[in-house]
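Read through the structure below, which is laid out as structure tokens, and then see the notes.
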Amino acid sequence: MNLKIGIGVQTDAKTKASVITQLRATESNLKPLFNKIDSEDYNGSAYKGDSAVVGESASGNISIHLTPETLKLLFEGFGYRVASGANGVVEAGTTITEVAKAIQSGKIEKFFTIVEQNLEDGEERVLIGCQINNITFDASQGAFVKVDLEVIGYEHQYVDTSMSTIKPLTDYDKRLTCVDSTLKLADSDISANTQGINVSLNNNLEAKYGLGSRSATRIVRNGKIEAKANLTLNAYDKAIYKKAYQNLISGDTAEAVIKMVTKDKKVILMYLHKLGTSNVEMTDKNSSGGLTQELDIQYDVAKQTPITFAIGNITD
């Protein structure tokens, strides 16, 4: 199908965004979420009786290729606030122009409109009042850097009378690839040994309903925000396994830095400040051997964020 996916920041929780920007989407599964109840009355039959829809919200998943402008557009949708300047971030050979850290209140303050257009049939599906419940960054060997978004929103609309205007992304052709990505763990560059790393944030959001309306009336957090990372090595490494095993037992933490560069030398840095090992395993035991490590991304009190995102330019 010939699809186009766009996203825009709303001025409030319930009003469709006026400016929609195209995403480099590779997968889309956007849909209404219905809460349907069935009657359980004794209706004189062994068959189920009538039913009614009592709740409706918007939900779905999108996979996109990552660019610096895409990340800046999404920051406040998953709980991070971006500010101009280096803000204390120093990276060799790089000029930092913007830094984003977790919003201290934990409250996600921005709502999005997401539009999925089916250009062949002249129709679109519009999700209004969306927030990002889960976001996962994935950098794997031989692939573009990918971001998976799982959203929850107030309203889903089906429209076939007029199409929203979706403007181009300003850095549409500046996708990040694993070829220009590096990983440093506890000051050691382990890029050559790494097959892939993914970083995920789960905001634990839930739609709430009230009397007098099928539509969701509030989106609230029902638990702590969870941040995790998964590291897959391309071969078994005794030294890394031993250190990860020791950290698992002792509770020691380490910092990791993921560096991603575009072809025009724009850079995105992800600082995972306090990584605690939650599991480490030898894998692929019947073949060459591999290694996976599961990590909890903990809140860093000194830096007041679990993750720091930095955007800038390569200068050397």
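Please give me the summed charge of the neighbours of THR67: other residues whose Cβ is under 12 Å from its Cβ, Lys and Arg +1, Asp and Glu -1.
Here the count lands on +3.
Relative to the longest principal axis of the C-alpha atoms of the chain, give the angle of the C-alpha long axis of helix 238-250, reported between 0 and 90° and rounded to the nearest 10°.
For helix 238-250, the angle is close to 60 degrees.
Percent of Cα-Cα pairs more than 16 Å apart in the range 179-235, please.
63
Evaluate E = 1/(1 + (r/R0)^6) for ALA302 and SER45, where r is the Cβ-Cβ distance and R0 equals 45 Å; express this FRET efficiency to the nearest 0.05.
Computed FRET efficiency for ALA302 and SER45 comes out at 0.10.
Just to confirm the filter: which trypsin sites (Lys or Arg not before Pro) across the range 154-214 are DSSP coil and have at most 16 other Cβ within 10 angstrom of their Cβ?
In loop regions of the range 154-214 (DSSP not H, G, I, E or B), the sparsely surrounded trypsin sites (Lys or Arg not before Pro) are ARG214.
Per 5 Å bin, what is the whole-percent P(r) computed from every C-alpha pair distance within the range 60-216?
Histogramming the range 60-216 at 5 Å steps yields 2, 7, 13, 16, 20, 17, 11, 7, 4, 2, 1, 0 percent.
In nm, what is the difference between 0.36 nm times the number of residues separating GLU206 and VAL159 and their Cα-Cα distance?
Separation in residues times 0.36 nm, less the Cα-Cα distance, equals 14.3 nm.
Hey, what D do you get for the range 1-143 in µm²/s if you plug the Kirkwood alpha-carbon radius into Stokes-Einstein at 4 °C and 1.567 mPa s?
71
If we count every other residue with Cβ under 11 angstrom of GLU76's Cβ, Lys/Arg +1 and Asp/Glu -1, where does the sum land?
+3
Counting chymotrypsin sites (Phe, Trp or Tyr not before Pro) as exposed when in a DSSP loop with at most 11 other beta carbons within 10 Å, what is the longest stretch of the chain free of them?
Result, exposed sites excluded: 48-316.
Identify the residues of the range 3-38 with backbone N under 15 Å of a label point that sits 7 angstrom from the Cα of ASN118 along the Cα-to-Cβ direction, or state none.
Counting backbone N atoms under 15 Å from the label point, the list is 3-5, 28-32.
Over all distinct Cα pairs, what is the inverse of the mean 1/r for the range 110-172, reported as the Kirkwood hydrodynamic radius in Å?
With all distinct Cα pairs of the range 110-172 included, I get 13.8 Å.
Cα-Cα pairs above 20 Å in the range 197-278: how many percent?
For the range 197-278, the fraction of Cα-Cα distances above 20 Å is 58 percent.
Tally Lys and Arg at +1 and Asp and Glu at -1 over the other residues with C-beta under 10 Å from the C-beta of HIS156: what net charge comes out?
That works out to 0.
Taking the chain as a Gaussian network, where each spring joins two C-alpha atoms under 10 Å apart, which residue of SER59, SER39, SER28 fluctuates the most?
Of the options given, SER39 has the highest mean-square fluctuation.
Using a Debye calculation, one point per C-alpha and no hydration shell, please list log10 I(q)/I(0) for the range 162-316 at q = 0.15, 0.18, 0.19, 0.20 Å⁻¹ in order.
Reported log10 I(q)/I(0), two decimals: -0.93, -1.13, -1.19, -1.25.
Could you give the distance between the Cα centres of the range 21-96 and the range 163-203, to the whole Å?
Centre-to-centre (Cα) distance: 19 Å.
May I ask for the percentage of alpha-carbon pairs in the chain that lie more than 31 Å from each other?
39
Each reported figure results from applying straightforward, stated rules to the coordinates on display, with no laboratory input. Small disclaimer: the values here were computed from a predicted structure and weren't measured. Cβ atoms come from the backbone with ideal geometry, glycine included; neighbour counts cover every protein chain shown.
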